[in-house]
Each structure stands twice: as C-alpha cells, then as structure tokens.
There are 2 protein chains.
Amino acid sequence: MEKQTITIYDVAREANVSMATVSRVVNGNPNVKPSTRKKVLEVIERLDYRPNAVARGLASKKTTTVGVIIPDVTNLFFASLARGIDDIATMYKYNIILANSDENEHKEIQVLNTLLAKQVDGIIYMGNKITDELRAEFSRSKTPVVLAGTIDPEQQVGSVNIDYIAATEEVIGKLIANGKNKIAFVSAPLSNPINGQHRLKGYKNALINANKAYDESIVFELEPNLHNGEELAAKLIAEGVDAAYVAGDELAIGILNGVINAGLNVPEDFEIVASNNSKITEMARPKLSSIMLPLYDIGAVAMRLLTKIMNKEEIDEKSITLPYKIIYRGTTSNEGK
Amino acid sequence: MEKQTITIYDVAREANVSMATVSRVVNGNPNVKPSTRKKVLEVIERLDYRPNAVARGLASKKTTTVGVIIPDVTNLFFASLARGIDDIATMYKYNIILANSDENEHKEIQVLNTLLAKQVDGIIYMGNKITDELRAEFSRSKTPVVLAGTIDPEQQVGSVNIDYIAATEEVIGKLIANGKNKIAFVSAPLSNPINGQHRLKGYKNALINANKAYDESIVFELEPNLHNGEELAAKLIAEGVDAAYVAGDELAIGILNGVINAGLNVPEDFEIVASNNSKITEMARPKLSSIMLPLYDIGAVAMRLLTKIMNKEEIDEKSITLPYKIIYRGTTSNEGK
DNA sequence: ATGAAAGCGCTAACAG
DNA sequence: CTGTTAGCGCTTTCAT
C-alpha cells in the first residue's frame, strides 16, 4: 500500500482552517492569529507535512532555483566560482541546477533551454566567448542572466569580473622590473575575450610602458592542461624566453615543472606568474606567484547581483569589477618588493 | 506590455486539436496520426512553444531532476564524481541540483529536506559518516538514494565504491616490499568509515602479512588540506618514518613538498602513496604514486544505478564495487616492478 | 487516433 | 484575521 502524500488540504482539514490559512503560516505571512498559527503548526508537525515546491512553483511562478552553466566542475577555477554562487544562493533560499557545458556552443544552447523549461528564476553563466546565438537566447527569455568571470563585449547582461587589463599590465611590469627580457604570453584560447582582448592588451601595454617591442612569436595559445604546459617548457627555453605570464593555472604548473625538469632554476633563470590563483598554485614547488582573482567572491557577487535583479531591485551598475591582488610567491624574484 | 507565455492550450487552439494531442506529440506518444503530428509540430515551431517543466512535474509527479549532496565542489575528488554524475544524468535527461554540505550534519539534513521538497526523483549523496538521523531521513521518504564514493556500514541504500581494503593492503605491501620500515598512515578523519574502517584495515592487514607490528603512534588523523600536510612532514621525519600512505591527495602533496623542502630525496629517502588520484597528483613534482580510484566512473555508475532504481528496474546488486588500479609514479621506487 | 475533463498541490486575489 | 475561488500549465484516465 502506497504511502499517501499529505497535502496542504489535509492540514487544513485537520486544523479546521482553510488552505489559505495554512498557506499563510507556511509562508510566514503575519496576518494570522497566533493561536491559529500555533494550531496549524501543530498539525503540520503531527502530520509531518512538507510543502510541495513544484506545486508552489507552478502557482507562484517562482521556483527559487537558479541555473548555473559551468564549463567543467572539475576545473578548480570554475568550481571555486560555483562554490561562491551556491553559498550565496543558499543564503537567499535558492538552489542551483548545475550543468556542465564543456564550453561547447551546442551544449550551452541545449542546457540553457532545459534550464528555461524548468523555469529557473535566473541564470548564472560561466564560459568563454558568448556566441551570437547564445546572446540571442539570453534576450529571448526575460529570465535574468549574470555572467561570472566571463566577459561579453556586448555587455547586454550583468557580469562580475576583475580588471584583467590592469592586473596583467601590472604583473608584466613587475617581470620587466625584475630584469626579464623575453617574457612569453601563454594562454588558453584567445577566442575568450578575457584572454584575447583583456589580458593580451595588458601584456602589450606593459611592453609599451617599458619601450619594448611586441613579439608575436612568444605569444602562445593552447588548450590549458598540464601536459601542454610541460611540453611547452622546452620550446620556451629554446626560444630564449626567461619569464612567462600564464593564463591558466594548470598550464602554469606544467610549464613550471617542465622548466625545472629541464634543469633551470626558478625564479633565477625563469620566472612564472599564473593568473587565477586557484588552490593548485600553492601546491606547486616552488609555490606559484599569481594574480589573485577573488574566485569565490566573483561567484558570490554574481549570485548576489542576480538576486537583486530577480527581486527587481535597483541596480546601480550591472558590470561589476572586483579588486584583485597580486601575490608574489616562489616563482618570481622578490627583491625590492 | 508583458510578453505572454504561450501554453499548450495556445498550441492546441492554433492547431485545431485538443491539449491532449499536443501533449502526446510533445511527449513522443506514438498514438498520433503523422499528419496531425506534423501540423502540431509546425504550430509549436511557429509559436515557439516551450513546455513548462514545472507544470509537467506537478501533473506527472516526476521532475527529471536529481539532487546531489556534495561536501564541497571545490574538492577535486568530489568534483570529479560530480562530473560523472552530471554526464550520465544528462544522458538520461535528468538535471542535477547541486548542494554543498561541508559534511556538516545539520546542513546535510537541511539540504536533503529542501531537495525532497523540490520533489527530486532521486538523490546522490557524497560525504562522510552517515548519521543515524540522516539515515532515518533517507528511509522516511520513498525517494531513492545512492551513495557515491561513500560507505554506509548499514548498507541500506545503493552505493558505488572500490575495495578500499584491498587497495590499501596492496599498496602498503608494495611499500614494504620496497624495503620501507616505518610506514605512516596519514588520513582525513577516521570517523569516515572509508578511512577508519576500510583503509586502516587494509593497512593493518598488510602489516600482518609482513609480520610487522601495528604502531599507533604513526597513524595520523587530520583535516586533509595542503597546510596540514606540509606541517606534518617535519613530524614524520622526526619520527623516523620512511614512507607514508596518505588518504587525501592535497594532504599528500603537502607532505611531499614538506619532505622535499626538508632536504630529503623522494623516493629514495621517503616514499609516498596518495589514494585518490585526482588531477593534482600529476601536478606534484615528482608526480605522486597513487591508488587510482575511477572517480568519474564512480559518479557515473552511481547515477546509472539511480536511474535504474528510479525506473523501478531490477537491480542485481545495489552495492557496486568498481575495479581500481595502482599507478606508481615518481614518489615510490619502482625497481622490480 | 483524438477529445473532455478531472486533477496535481499550492498561491493569490477578493470578499468578508 | 480568515475563507472562497480561481487558476498555474500540463498529464492522464476514460470515452468515443
């Protein structure tokens, strides 16, 4: 015999009140006499009643869940953002539906649509380049979208980032100040505006500031995994590169290990700066110097921004720029710092 | 003027059929004449109709979403499981609601309840010790639960794991065969049955096999983070330990770096074996030898198992044990292997 | 093969 | 402060 799910109606009957009243106490509506509230609460307790969020969602047109599109949870960079997102979501009584996209345009569209079908109240998107098709889908629905740690040059929707240009410029400047002559720019695909437009621009700016020529032959674009980093090390050394700015922590560790295994000393012969400061930068030996993105905060602030939008509050600035730091650890020479 | 959401009713009207028919074509019910199916499909296309999953969920009592309770997405071990879970979920048309619990009993109960309120079709739980209260909640609802990479001695619900005892026993045996005399057992809290009962048992077994005494003074229990590992290294060296089995990859890297920074050679003076083989084991220098848990697969199989249960299919064995491997990399001496 | 109609469990006016 | 009454958008018998 099936266990009968007990509904708001059962509670109403047992408590001798109407469904509306039960609904009121469940939702904390103050317009209920304390004594009847108490009575209802007792029945709820006794019957072990649990409101059905789906029914509630249908009736109220709000699901208190937000969709989160993430390239890959297994990537510490995004996982850290996701953690910030979830914590703030929880704080505001939202849950998150997490969907991996692998930065695949087709999957992104696909996932976005199922998220919308599930009537999420909002969406947080993390990824790379936002295709026109995706942008079109974003605006087609009136569901609010916020970008976390990703940049859309069109700036249609809210977003949270740091000033990648300034950060990169600063760090390259430091490398130059340290006496490095040939500083490589190593990056995940440049199709990502953060890499291709912002970080690269910061790199160029620093070069200009120092009166150095931009040399495209030491700008590398590759899939950001450990192996590619290890492999690139030899090439870097062969090119006479003596420092590298690396967009992608895993890539940075690969390069670091590759360079050391090749017999060079870090930071004496070769300096490296990573750019995300995910947990793994501290696992390297020596520990990686890195731009310190406030990963958790980016996620948290993005979610907070989304709650405001969902709540139709006034937003002063929908493109939020968070402060960054640069932390010089073992892969840069720290004299004079 | 508000954009009017278009419903199944609108489609029915425009296509001159009943809602039931539209519902049928949307759900791929074969009992529809091809010509009318075509007609309906055209209207759906024209009106850009998208079924409301919430309404569907209320009517059908199935939400096609599963809840995933995870200690912390930021932990590569669990993130890897989560990836396997999500991929298989997607394959079977489910979405996942991801909720971080921090292995906090209170949060776990809390989260479980909101998941149930949202009428998830099933739950995948990852964590540590399953408290009696949690176990009680599990059985209180008829929502199926599967444990991924976590052990409940009570074996109430389905679960997917490897044979931790055998794996640990094998790896300790190897360390002994390599001539190591004082092998520490370093672990995250032993309250987790995997650590406290299975892994530790494997460790003891190996000792017995080799006719060595169990020495509690070199069994360490601590929060599994990098810093604790680094700090423990000195103690280990002081104790005259010459090898360590470490349950927790981050912890293992900490110990590795600590030991090397103290001037020892790895693996000559000190061997280390990690036990989860998350991505970071390869980022260490030298790369960490490790028990190779099929993390992704554990998640994937757990989700697959859950789909079967949700689908009320016959389950031959609800406690699944996946094969493991041991991969000897740079932190163990590999002579004779 | 198709339609009518009764819910699914809850919220939200509205009335009192 | 409380009850009545419509729905929310879709699935699902049950007829036809």
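The values are calculated or read from the model by the stated rules, or taken from the named source; none is laboratory data. Since we're looking at a predicted model, the values are computed, not measured. Please note: Cβ atoms are built from the backbone with ideal geometry, for glycine as well, and neighbour counts cover all protein chains shown. Accessible surface is based on the protein model in full, side chains and every heavy atom, while ligands, DNA and RNA are left aside. Shrake-Rupley method; radii C 1.70, N 1.55, O 1.52, S 1.80 Å.
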From other protein chains only, count the Cβ atoms within 10 Å of every residue's Cβ in B:135-147, then give the mean. 1
Kindly tabulate the residues in the range A:281-298 with an accessible-area decrease of at least 50 Å² between the chain alone and the assembly of all protein chains, using a probe of 1.4 Å. A:MET283, A:ARG285
Angle in degrees between helix A:164-177 and the longest Cα principal axis of chain A, rounded to the nearest 10: 30 degrees
When Cβ neighbours within 10 Å are restricted to other protein chains, what is their mean count per residue of peptide B:231-243? 0
Give me the three principal axis extents of the protein assembly as shown from the C-alpha atoms, as integers in angstrom, largest value leading. 76, 69, 57
Between chains B and A, total accessible area buried, probe 1.4 Å, no ligands or nucleic acids, nearest 100 Å², roughly 4800 Å²
Would you mind calculating the gained length between A:ASP215 and A:THR321 on full extension (0.36 nm times residue separation, minus the Cα-Cα distance), in nm to one decimal? 35.2 nm
Report, in degrees rounded to the nearest 10, the 0 to 90 angle that the Cα long axis of helix A:34-47 makes with the longest principal axis of chain A. 80 degrees
Compare the peptides B:156-167, A:267-278, A:306-317 by average per-residue count of other Cβ atoms within 10 angstrom and give them in order, highest first. A:267-278, B:156-167, A:306-317
Give me, ordered by chain and number, the residues 5 or more places off A:ALA244 or on other chains with an amide H under 5 Å from its own placed amide H. A:ALA184, A:GLU271, A:ILE272, A:VAL273
Would you list which lysines come within 20 Å of A:LYS62, measuring only between C-alpha atoms, while excluding same-chain residues fewer than 8 positions from it? A:LYS93, A:LYS118, A:LYS142, A:LYS308, A:LYS312, B:LYS3, B:LYS61, B:LYS62, B:LYS118
Per-residue mean of other chain beta-carbon atoms within 10 angstrom of the beta-carbon, peptide B:80-88? 3
Per 10 Å bin, what is the whole-percent P(r) computed from every C-alpha pair distance within the range A:241-320? 17, 37, 18, 16, 10, 3
Under the Karplus relation 6.51 cos²θ - 1.76 cosθ + 1.60, θ = phi - 60°, what is the ordered set of whole-Hz ³J(HN,Hα) values for the range A:226-231, x standing for Gly and Pro? 3, 4, 4, x, 4, 5
Select the chain B residue whose beta carbon lies nearest to the rotation axis carrying chain B onto chain A, and write the distance in whole Å. B:LEU98, 2
Against the longest principal axis of chain B, how steep is helix B:76-91, in degrees 0 to 90 to the nearest 10, with axes from Cα atoms? 30 degrees
Using R₀ = 25 Å, calculate the FRET efficiency as 1/(1 + (r/R₀)^6) where r is the Cβ-Cβ separation of A:ASP87 and B:ARG135; round to 0.05. 0.40
Taking N as its residue count, the alpha carbon Rg of the range B:164-292 over 2.2 N^0.38 Å: 0.93
With the full set of protein chains in place, find how many percent of the accessible area of the range B:1-111 is carbon and sulfur; take the probe as 1.4 Å. 54 percent
Principal axis lengths of the range A:8-47 from Cα atoms, whole Å, largest first? 22, 15, 15
The range B:158-212, Kirkwood Rh and Cα Rg, ratio Rg/Rh at 1.01
Kindly give the distances from A:ASP215 to its copy-mates, label point to label point, with each label point 7 Å from Cα along Cα→Cβ, as nm values to one decimal ordered shortest first. 5.5
Might you tell me the accessible area per residue for the range A:192-245, computed with a 1.4 Å probe and given in Å²? 48 Å²
Counting only protein heavy atoms with a 1.4 Å probe and every protein chain in place, the carbon and sulfur fraction of the accessible surface of the range B:172-250 in whole percent equals 48 percent
Rounded D (µm²/s) - the range A:26-140, Kirkwood Rh over Cα pairs, Stokes-Einstein at 20 °C, 1.002 mPa s: 130 µm²/s
If the elastic network links every pair of Cα atoms under 10 Å, which of B:VAL32, B:VAL219, B:VAL73 fluctuates the most in the Gaussian network model of chain B? B:VAL32
With every protein chain present, what is the per residue accessible area of the range A:8-47 (1.4 Å probe, Å²)? 65 Å²
Compute the semi-axes of the equivalent ellipsoid of chain A, taking the square root of 5 times each eigenvalue of the Cα gyration tensor, and list them largest first in whole Å. 51, 19, 17
Can you compute the helix-only [θ] at 222 nm over the protein assembly as shown? Use -39500 (n - 2.57) per DSSP H run of at least 4 residues, normalise by all residues, nearest 500 deg cm²/dmol. -13000 deg cm²/dmol
